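Let me begin by presenting the structure, written as structure tokens, before commenting on it.
The values are calculated or read from the model by the stated rules, or taken from the named source; none is laboratory data. For clarity, every value in this text was computed on a predicted model and none was experimentally measured. Here the Cβ positions follow ideal geometry from the backbone for every residue, glycine too, while neighbour counts run over all protein chains shown. SASA here: full protein model, heavy atoms, side chains in, ligands and nucleic acids out. Shrake-Rupley method; radii C 1.70, N 1.55, O 1.52, S 1.80 Å.
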Amino acid sequence: MRLDFPLFPEQASTVAGRVDALYFFLVAVSVVFSSLIFMLVGYFAVKYRRRSDAEWPRPILGDLRLELLWTIVPLGIALVMFVWGASLYFTISRPPAEALEISVVAKQWMWKFQHPGGQREINALHVPMGRPVKLTMTSEDVIHSFFVPVFRVKMDVLPGRYTSMWFEATKAGDYHSFCAEYCGTQHSGMLGRVIVLVPAQYERWLSAAAVGESPAAAGARLFQQLGCQNCHRADSGEKGPALDGLFGRPVRLQGGATVFADEAYLRESIFDPNAKIVAGYRQVMPTFRGQISEEGLFQIIAHIKSLTKEETAKAR
Ligand code: CUA
């Protein structure tokens, strides 16, 4: 019934229905209690109005049952909101492990996407239906925000760091995406399309789209060019930690802390090598800030990820 109601976009992802259900619950609670309060204010104003100058009300000393009622009922409702919201939040913020990984670079005023096979797109994103897609996003200039209303997902896209979001489309179609953070004069024109294709169509699109080098292959080339292998290979004399099998694993740091080797950790280690030193190594790595573009960084990270995939494949 809501589908013809233009205020709400279609529900085209696995979480869309859950987001809407929570939203309507919050609106319903607000409407019920606001109306209740307004009605009671009106009712009491009439019922207990002063009828003569001589009339004085009896002072009220309190009522324990009432106090308990209006403490426990709102507490219960707030807890329902919290548990419901938190569980949905956890679902939305944890991409499934098998998700298709697409990198996103935002800049004033366009969106650049790259697929794992090397296919590039600008302001349009083709994704398969029925498969989780994870976007790892960054910006070349100011803060943007990637918003796909039909999927009910939105995430800020920040310069200098990675944010990610994921969705699984449930309906084929051509949908809008928006920039949802004011980012300059053409912010309102920073629109895009998300095209959801059934898997067979998606495969056809992938093979038809002009394929450059895959990000992992481009990353391997950059890795050579920048001389990373001088320190980061098993046979490079232990100057730097070997990168095979690193991605997605915990890393022990100097001082005993442990970090999880994800995209953000790799990014930080390349641009700010002082920030976290792996246990057993000295800080000898120079920063590569300014020498690698955002896209180049995605490629190097794709290369490092591919080293882990090879390891896992070998181990099987
Ligand atoms: Cu980009 Cu607003």
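Do you know which residues across the stretch 188-202 are assigned to a helix (DSSP H, G or I) and either among the polar types (S, T, N, Q) or out of contact with any strand residue (DSSP E or B) (no Cβ under 6 Å at 6 or more places or on another chain) (or both)?
Here is the first cut: in the stretch 188-202, the ones assigned to a helix (DSSP H, G or I) are 188-189, 199-202.
Scanning the stretch 188-202 gives SER188, GLY189, ALA200, GLN201.
Taking HIS144, is it within 9 Å of the ligand (Cβ to nearest atom) and touching a residue at least 60 places away in the same chain (Cβ under 8 Å)? If you could, list the steps in order and put the result at the bottom.
Details: within 9 Å of the ligand (Cβ to nearest atom): yes; touching a residue at least 60 places away in the same chain (Cβ under 8 Å): no.
Judged against the criteria, HIS144 is not a match.
Yes/no per residue for (1) at pLDDT 80 or above; (2) aromatic (Phe, Trp, Tyr); (3) in a helix (DSSP H, G or I); (4) out of contact with any Ser or Thr (no Cβ under 9 Å at 6 or more places or on another chain):
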{"position": "ILE270", "(1), (2), (3), (4)": "yes, no, yes, no"}
{"position": "GLY280", "(1), (2), (3), (4)": "no, no, no, yes"}
{"position": "GLY290", "(1), (2), (3), (4)": "no, no, no, yes"}
{"position": "GLU295", "(1), (2), (3), (4)": "yes, no, yes, no"}
{"position": "ILE301", "(1), (2), (3), (4)": "yes, no, yes, no"}
{"position": "LYS305", "(1), (2), (3), (4)": "yes, no, yes, yes"}
{"position": "ALA313", "(1), (2), (3), (4)": "no, no, yes, yes"}
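Out of (1) open to solvent by less than 30 Å² (accessible area, probe 1.4 Å); (2) within 15 Å of the ligand (Cβ to nearest atom); (3) under 26 Å from ARG18 (Cα atoms), the odd one out for ALA106 is which?
(3)
Taking the criterion of being hydrophobic (A, V, I, L, M, F, W, C) and open to solvent by 50 Å² or more (accessible area, probe 1.4 Å), would at least one residue in the stretch 212-232 satisfy it?
no
Could you please find all residues in the stretch 25-38 being exposed (fewer than 12 other Cβ atoms within 10 Å of the Cβ) and of a type in the set (Phe, Trp, Tyr)?
Hit for the stretch 25-38 is PHE38, nothing else.
What do you reckon, is ALA220 away from the ligand (no atom under 16 Å from the Cβ), under 27 Å from LEU88 (Cβ atoms), small (Gly, Ala, Ser) and out of contact with any Leu (no Cβ under 8 Å at 6 or more places or on another chain)?
For ALA220, the condition - away from the ligand (no atom under 16 Å from the Cβ), under 27 Å from LEU88 (Cβ atoms), small (Gly, Ala, Ser) and out of contact with any Leu (no Cβ under 8 Å at 6 or more places or on another chain) - is not met.
Among the residues of the stretch 39-54, count how many are open to solvent by 90 Å² or more (accessible area, probe 1.4 Å) and assigned to a loop (DSSP other than H, G, I, E, B).
Qualifying residue count for the region: 5.
When you look at ARG193, is it within 16 Å of the ligand (Cβ to nearest atom) and either over 26 Å from GLY219 (Cα atoms) or open to solvent by 20 Å² or more (accessible area, probe 1.4 Å) (or both), yes or no?
So ARG193 passes the test.
Quick one: LEU266 ticks every box in (1) open to solvent by 30 Å² or more (accessible area, probe 1.4 Å); (2) under 27 Å from GLN119 (Cβ atoms) bar one, so which box is it?
Result: LEU266 passes all but (1).
Being open to solvent by 20 Å² or more (accessible area, probe 1.4 Å) and either within 19 Å of GLN186 (Cβ to Cβ) or part of a loop (DSSP other than H, G, I, E, B) (or both) is the filter here; which residues of the stretch 139-163 pass it?
The answer is GLU140, ASP141, VAL142, ILE143, PHE147, ARG152, ASP156, LEU158, PRO159, GLY160, ARG161, TYR162.
Exactly one of (1) within 40 Å of the chain's Cα centre (by Cα); (2) assigned to a loop (DSSP other than H, G, I, E, B) is unmet by PRO57. Its number?
(1) is the only condition that PRO57 fails.
Does any residue in the stretch 20-47 that is not assigned by TED's automatic domain parsing to the domain that holds PRO149 come within less than 9 Å, Cβ to Cβ, of a residue that is not in a helix (DSSP H, G or I) six or more places away or on a different chain, and which pairs are these?
ASP20/PHE8; ASP20/GLN11; ASP20/ARG152; TYR23/ARG152
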